[in-house]
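Taking it in order: structure first as structure tokens, then the write-up.
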Amino acid sequence: MCATCCCRKSRGRRTLCAYETLLTSYSKVIVSLAWFGGGLLAGIAFGVFWCRSDVSGFKVRAVHDGEGKAVFVLDSYNRPVYCEYVHGTWTNEKAYQFFFDGKWVMQLAGGTDGSLRGSAVTYYNREGKPNIVWIDRSGTGRFTDREIHEGGQVRKEALIQGVWRQAEKSNDVGGVIIDGEWCPVKFTNGAWQVQK
């Protein structure tokens, strides 16, 4: 007898109840997926490490400027695919940039302890020009800033108390317009705060 339902005995053998049959089916699917995934990973490893012909079109370039150093992975058309940038000797924070068709699409910024410090994602319009950039300054997975590209102009906005507000600078101090009045803001505790 099964604990969840009544099982029947048929000619001395116990038959599986519907619950046990369902579990058996799921376990077969999981085992099959594990075998398929393992085979797929083995195939990729074989292609990358032993057949090198698929990755021979990629190049690695190291760049060093006064602020930091970067390592780029370029495709066969000399377009960037990936970049790892270490910003300066005073912070040692890393930025990981990802490109598609040579265009920057995403950046992840990490601290020296391996934590995520921020991210940015760029969306393009049909003409291939930047449409909007979403920015997460805190690395929490919530966007805090956005840059909207319209007609050759860039409008910056900040998320203040759940509302997107246009960002403006006054005397090199960042702020937003609230009810027609400029208010200074400061980024603290993972969010923009209005300074009174």
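The values are calculated or read from the model by the stated rules, or taken from the named source; none is laboratory data. As the structure is a prediction and not an experimental result, all values here were calculated from the model. So basically every Cβ, Gly included, is an ideal-geometry build from the backbone, and we count neighbours across all protein chains shown.
Structure summary
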{"item": "Tally of residues being modelled with pLDDT of 90 or more and either among the aromatic types (F, W, Y) or over 20 Å from the mean Cα position of the chain (by Cα) (or both) across segment 145-157", "result": "7"}
{"item": "Residue among G118, G102 that is farther than 28 Å from I160 by Cα and in the same structural domain as G68 (by TED's automatic domain parsing)", "result": "G102"}
{"item": "Residues being at pLDDT 85 or above, polar (S, T, N, Q) and not in a strand (DSSP E or B) - total across segment 103-144", "result": "2"}
{"item": "Odd one out for K169 among (1) basic (K, R); (2) touching a residue at least 12 places away in the same chain (Cβ under 8 Å); (3) more than 26 Å from P80 (Cβ to Cβ)", "result": "(2)"}
{"item": "Answer residue from segment 76-102, given it is more than 14 Å from the chain's Cα centre (by Cα), farther than 15 Å from F58 by Cβ and of a type in the set (A, V, I, L, M, F, W, C) and is modelled with the lowest pLDDT among those", "result": "W90"}
{"item": "Contacts under 6 angstrom Cβ, first residue in segment 132-150 being outside the structural domain of V121 (by TED's automatic domain parsing), partner modelled with pLDDT under 90 and of a type in the set (S, T, N, Q), 6 or more apart", "result": "none"}
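Condition check ((1) out of contact with any Ser or Thr (no Cβ under 7 Å at 6 or more places or on another chain); (2) surrounded by fewer than 17 Cβ atoms within 10 Å (Cβ to Cβ)) across all residues:
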residue: Y124; (1), (2): yes, yes
residue: I135; (1), (2): no, no
residue: T140; (1), (2): yes, yes
residue: T144; (1), (2): no, no
residue: A167; (1), (2): yes, no
residue: D179; (1), (2): yes, yes
